[in-house]
Amino acid sequence: TVSLAWLAPPADETVDGDDGEGSDFGESSSRGEHVVLAGYSDGTLREWPVADIASPKSGRPGGLASRRVFRLGCGMMRTVDLVHLSTPIADADVSARMSPRGGAAVYAWIKGLVGKKMTTACLGRVSIPAFSEDGPGGPVKLEADELVTRETVSSKTPAEERAEKEREHVCLRKHDDVIHLVSSHRQPRKGDGGILERYNLEDGGAPRGEVHVVMVASHGLVFYRDTLDGGGKRRQGEETCRLVHYSRVLKTSQHYSTEQSAFSAVSVSPDTADLALGRANGHIELLVGVFENNS
């Protein structure tokens, strides 16, 4: 699995030649870079700067070696398989606000073994550190934050029990799985009076906003909202992190078979307002204002 990410520098880093004044996010973000991140089934995450990929040297025999290698752990998992990766869609300035210490926030759908035989899966968040020439030469160990775990439900699960599980878990049918993962940063709307305006920077600056992660299964969607607080941390709780499940078949696909109506592609609008869904039957459906409704 592969994702393009903006690797932000530390927020207090200034441009060469700066006198130390005005080291705001806009100036420091110019020192960042785009990187390609690739997740593997052995639990490693590898990084390639886009500038190096575009270099003529990248076409040499043997390919281009990754610049850094990270080895991930996640909770109680004995093994880690990075199935899907997604870096929030955001400009350089917003990325710097999301990661005040530099680097990038990456969301992942992770599978692994707990104990000898039991397989589990979860939505995780990984903080990739800013690059440094003085960094370690070997693989860097990183621990993924386990945000929500998978829970299996069936058509026979009582509605009340299912609703309780959906508040805490990503609920999927037994043979279903997450096939796509996308994430996007949503800017606060001025005058909303909603939850986004209540989480500002400690210095009274602009709100950090929130990250929406969409997990797409073959016949359902799960939205996870990650709200950034004033300290740049993510806080768990009913108010600040919310799971929303969409499992009903949309009307335009009710006349097709289960296979034909299965989701096959997903895309977020640039302003994180709408979600486009592609189905196996060739239909494209638009969920207008879905991110605002989930906030």
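Whole-Hz Karplus ³J(HN,Hα) for segment 75-86, in order, using 6.51 cos²θ - 1.76 cosθ + 1.60 and θ = phi - 60°, x for Gly and Pro?
Each residue's phi maps through the Karplus curve to give x, 8, 5, 7, 10, 10, 10, 7, 7, 9, 10, 8 Hz.
I want the local charge near S154. Using Cβ-Cβ distances under 13 Å, sum +1 for each Lys or Arg and -1 for each Asp or Glu among the other residues.
With Lys, Arg at +1 and Asp, Glu at -1, the net is +2.
Probe radius 1.4 Å, ligands and nucleic acids ignored: give me the carbon and sulfur share of the accessible area of segment 92-142 as a rounded percent.
54 percent
Mind listing which GluC sites (Glu not before Pro) in segment 153-189 are in a DSSP loop and have 14 or fewer other Cβ atoms within 10 Å?
Those that pass, being in a loop and sparsely packed, are E168.
The values are calculated or read from the model by the stated rules, or taken from the named source; none is laboratory data. Just so we're clear, the structure is a prediction, and the values are computed from it rather than from any experiment. So basically every Cβ, Gly included, is an ideal-geometry build from the backbone, and we count neighbours across all protein chains shown. The accessibility values were calculated without ligands, DNA or RNA, using every heavy atom of the protein model including side chains. Shrake-Rupley method; radii C 1.70, N 1.55, O 1.52, S 1.80 Å.
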